[in-house]
Amino acid sequence: MKNNLLIISTLGLITIGAGVAHGQSSITGIVTDYNAKPLANVRIALDGSYDGTVSGPDGRFSFETVEVGPRLLLSTADGFQDVIQEINIPDSTATVQCQIVFTIKALALGKVVVLAKKFENDDKNKVLTLNSTEILTTAMDGNVVSALKTLPGAQQVGESSGLFVRGGTGTESKMFMDGLLVNNFTYSTPANQASRSRFAPGLFKGAYFSSGGYSALYGQALSSALVLDSEDLPASSNADFGISPLSIEGGIQILSKDKKNLTGIFTKYTDLDLVFSLIKPNITFTNAPKYLDANFFIKRKINDKGILKLYNSIGRSNLSLAQPNTDYATLLDQVSLRNTNLYSNLTYSQGLSKGWKFYLGAGLNYNLDRFGLALRPDGTKHSVYDSLSYDKTSLVQLRTVLSKRVLNNGRLQWGAEFMRTVEGLHSDRTSLGSNQDSYGAGFVELESSITDNLSGRIGVRVENSTLLHQHKLAPRSSLNYTFSNKSQLLASYGTFYQKPEKYYLLTDNSLQFSRADHYILTYQKLDNYYTFRTELYYKKYNGLIRTLPQLSNSGYGYAQGLEVFWRDKKTLKGIDYWVSYSYLDTERNYLDYPLAAQPSFAARHTLSVVAKRFFPAQRINLSASYAFATGRPYFNPNQSTDEFMADRTINFNNLGLSICYLPKIGKSFSVIALTFSNILGNQQVFGYTYSRLDPQLRTPITPTNNPFVFLGLFMNFGVDRTNDVIDGRL
Amino acid sequence: MKKTLLFLALCTSTASYAQSAKFQKAIAQNLASLDTATTESTYQKAGAAFERIATAEKTQWLPYYYASYCAIRAVRFEQDLNAIDTKLDQAELLTQQANSLSPNNSEIYCLNALIAFFRINVDFMARGPEYSAVGYAALQRAKELNPNNPRPYLLIGQSKFSTPEQFGGDKKLACQYFEKAAELFSKAPESTLEPHWGKADALRANSNCQAQAAAK
């Protein structure tokens, strides 16, 4: 070893000596691709020496060297695999002619993939994503779910809070925050009303909305998974304050001096009293909705690649309303709803050496809805019927995931999760009791490139529920082909299982998992200016809940359709717009359906257009969104069974407009937001409720407020000026 | 063990002695073309030359540093948003190599910051918060590692100057940074092989600030 090293350094001396003593030979030539087209800006180097050059616009190159003998010529061009060729330099005055031809296109630049920032072969690359700024400026109401409704696959369902995706119900979409399930993602509502998400869009770095075929890492959602990643540590401490006629909010987050620990709180109080006194809602609220939320969070950076996050939220809400009873015209329904919700999640993820990474998570969820119903004859003060029911759910979950980089930029992930659920439904009149379930799942998934153009993912999830006495194997897989223009064709398949809803399980605990199979073909081309994506899918449902003739898993259904998404940030200068179109053909026979029919939450055609423009000089952000959906089916008891669900509501139209002004207020970052929803005042009907006693009588289901205006001021102060103060002294 | 260390030290010293003349000459030559570069292709050419030196030497951080610096400078000419990230990825790879050869180097942290700031240009609204935090953290580290390095001050100043106020920009604060940078530049030794870029920018920015302050 000693000798070798010595020889090397002596060689170095000799080479320099040679350089001084002798003349130089030159190496010239031309670089082309396989079509003989000259390539410019190709880097050419004589291996082991400083000598080399860059090819000119005509592909020609020439450089001088003192090296002699057989040498390796190394050429590097963007978009191609490196070319290494042997050349021989006979003596120190020779001119060596050579031709360099690049033949193999490099799709994923091997070197670049190592950085693994944007090229990960996971769901985040395959689904449409919105970052938190996009969510904020898209959702006119600051509701994460509203922003996602502008993406293809989602239905414009206004009478319920959930995400209705590809012929699936709202409960078939599950939300995950940092890997952990979030029950009650939206506020509790009485029947036929929608509410917003409990979580502010600013909490998240990004939302990954998978409308089907998602990874084996997630389960118990027949239709879709919404994966939300919470923000990491901010750059500095800061405080928030916001006020609008609806709500008042404030929070502070303090970053430690070493920038490794963050502690924060955030509180928001919403009261719709004032707004409803100004803009009359379509419903008579005896007590306008009030929400109080408090959040407490800690984030801690551990080592270089580790982060610990603790997030706690506690929320209370209450509302009461009075509406005419659909069955008895002289009676008023007095509905009241009080909710208590607790959500806690603790996660720790740590990147280790050699491509290892581990994740640990624990979550706690508690939700209690107190529904009160009183029937009061119109004009009197005393009710003739009272009931109070308690709907209680608690969930404890644990999750762990290990991942390791393997093979060709591939990744192997495996892990397990455990959920303990206690669900109960009690009322002062009838009680369904409560259920306990221990749900466990194990999953493993491998992603890897197969050839330069082909990559794949294969995974499986094993799920077991003690309540259902069942275990299931859910395979997931996808294959991705990348064309030379970087567009991709993707085929995915997956089996998904989901436990029946609480109400049915409490009635009959011999029920089993419902199942959906997704077959999806996607073509997409993404870059920083344009996104084009189209999907063709077929989804098959089995084991859906039927309530007729008796409660069973005999329901079934299908959904198939075509979706197109186009986003363009370039063509219209300064304007970012996107268009989503979804065609949906779905039928299902479930619940009390007498036959397979298009369900009430499914519209055949849905279109959504969003356009935004920021005017920097005026500090104004304008954004407009338009949503259209064809009429949805509703049940009309006056029709015969053959005509079940044959009626359609009127088409849905909604034009929204939002103006955000960023004023200069001290050192703060402030936004004054003015938003209008349904600015044209289009009539919106989501369905009808029929009187059971007199089917001639019906009440339309409409939005609570239509149109609606919102004005608010939101400020963010960078509290911690110590850094600038220190820098000020310099 | 001691012997081995001694031997290794001897080896490296002979090696660097052996290479120093050629190495320094090559760096100096290419630095001359880098210091006068004004077009994309001159930056690319100089960058390729530094990269060749880096690959041949394998143990010197400086050519990797300059190769990365040239790549970053060349990105300024790139109009196609789709190409920026790939080019910055390549620059980042070079800084990573420089960093592995010379850890905790204030100058390399400056390049990391430049890369982060350039990434913001791809999508200002979406990337601003994330990458400006990354950039400032790198510059903070650069200041700690070498308080006499004027470049972190220059870069903070430039960023604070060009960022709109609502997004954390502050022209007054920027001027203080320019002043400090100019002061440090005046103390710095004249043109060596070590990083020295930014002096003209700092002096110009500082005098603009002074002129504006005087006008008020």
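Counting partner chain Cβ atoms within 10 Å of every residue's Cβ in A:46-56, what's the average?
Mean number of neighbouring Cβ atoms from other chains: 5.
Hey, what D do you get for the stretch B:105-216 in µm²/s if you plug the Kirkwood alpha-carbon radius into Stokes-Einstein at 25 °C and 0.890 mPa s?
On the way: Rh = 14.3 Å.
After rounding, the answer is 172 µm²/s.
With a cut-off of at most 15 other beta carbons within 10 Å, and DSSP calling the residue loop, which trypsin sites (Lys or Arg not before Pro) in the stretch A:355-421 qualify? Please list them. Here the sparse-neighbourhood loop sites are A:Lys381. Size of the protein assembly as shown: Rg and Dmax of its alpha carbons, in Å, are 32.6, 115.
For the pair A:Phe418 and A:Thr641, label points projected 7 Å from Cα toward Cβ lie 4.9 nm apart.
Each Lys and Arg contributes +1 and each Asp and Glu -1, all at the Cβ; summed about the Cα centre of chain A, the dipole is approximately 900 debye. Across all C-alpha atoms in the stretch A:22-106, the radius of gyration and Dmax reach 12.3, 40 Å. Once both axes come from the Cα atoms, what is the angle between helix B:40-57 and the longest principal axis of chain B, in degrees from 0 to 90, rounded to 10? On a 0 to 90 degree scale, this one is about 30. Applying a DSSP loop filter and a limit of 16 other Cβ atoms within 10 Å to the chymotrypsin sites (Phe, Trp or Tyr not before Pro) in the stretch A:465-539 leaves A:Phe483, A:Tyr529.
The relative contact order of the stretch A:419-481, computed from alpha carbon pairs under 8 Å that lie at least 6 residues apart in sequence, is 26 percent. Against the main long axis of the alpha-carbon atoms of chain B, helix B:171-187 sits at an angle near 30°. The Cα atoms of the stretch A:619-659 cover 59, 12, 9 Å along the three principal axes, with the biggest extent listed first. Between A:Ser427 and A:Thr400, the FRET efficiency estimated from the beta carbon spacing at R0 = 51 angstrom works out to 0.85.
Contact order normalised by length for chain A, with contacts defined as Cα pairs under 8 Å and 6 or more residues apart; what percent is it? Let's see the in-between values first.
Values: 1942 pairs, mean separation 62.6, N = 730.
With pairs under 8 Å counted, the relative contact order is 9 percent.
For chain A, the longest principal axis of the C-alpha atoms and the axis of helix A:2-21 are separated by about 70°.
Computed from the alpha carbon positions, the gyration tensor of the stretch A:408-466 leads to an equivalent ellipsoid with semi-axes of 43, 11, 7 Å, biggest first.
In the neighborhood of A:Asp428, defined by Cβ-to-Cβ distances under 12 Å, what is the net charge if each Lys or Arg adds +1 and each Asp or Glu adds -1? Spell out each step's value before the answer.
Numbers: positive: A:Arg370, A:Arg429; negative: A:Asp386.
Every neighbour counted, the sum reads +1.
Applying the Karplus relation 6.51 cos²θ - 1.76 cosθ + 1.60 with θ = phi - 60° to the stretch B:207-214 yields 3J(HN,Hα) values of 5, 4, 4, 4, 4, 5, 4, 5 Hz, where x marks Gly and Pro.
Using C-alpha pairs below 8 Å separated by at least 6 residues, the relative contact order for the stretch B:105-216 is 21 percent. Set the Förster radius R0 to 56 Å, insert the Cβ-Cβ distance between A:Lys573 and A:Asp508 as r into 1/(1 + (r/R0)^6), and round the FRET efficiency to 0.05. About 0.40, to the nearest 0.05.
Working note: Karplus 6.51/-1.76/1.60 with θ = phi - 60° gives the stretch B:67-75 the couplings 4, 5, 4, 4, 4, 5, 4, 5, 5 Hz, where Gly and Pro are set to x. Put a dot 7 Å past the Cα of A:His471, heading toward its Cβ, do the same for B:Ser162, and the two dots end up 5.9 nm apart. From the Kirkwood radius over Cα pairs of the stretch B:77-165, Stokes-Einstein at 25 °C and 0.890 mPa s returns a whole-number translational diffusion coefficient of 183 µm²/s.
Label positions at A:Thr340 and B:Ser100, each projected 7 Å from the Cα along the C-beta direction, are separated by 5.7 nm.
A straight Cα-to-Cα reach below 19 Å connects A:Lys573 with the lysines A:Lys612, residues fewer than 8 places away in its own chain not being considered. Peptides B:145-156, A:629-640, ordered by how many other C-beta atoms sit within 10 Å of their residues on average, highest first, read B:145-156, A:629-640.
A viscosity of 0.692 mPa s and a temperature of 37 °C, combined with the Kirkwood radius over Cα pairs in Stokes-Einstein, give a translational diffusion coefficient for the stretch A:168-235 of 251 µm²/s. Rg and Dmax over the alpha-carbon atoms of chain B stand at 18.6, 67 Å. Here's the list of lysines a cross-link from A:Lys280 could span, going by alpha-carbon distance under 19 Å and ignoring same-chain residues fewer than 8 apart: A:Lys290. Note on the protein assembly as shown: dipole from Cβ charges, positive end direction compared against A:Gln24, A:Asn318, A:Gln696; the farthest Cα belongs to A:Gln24.
None of the figures in this text is laboratory data; all of them are computed from the coordinates on show. It should be emphasised that the depicted structure is a prediction, and the values quoted were computed from it without experimental measurement. Note that each Cβ is placed from the backbone with ideal geometry, even for glycine, and that neighbours are counted across all protein chains shown.
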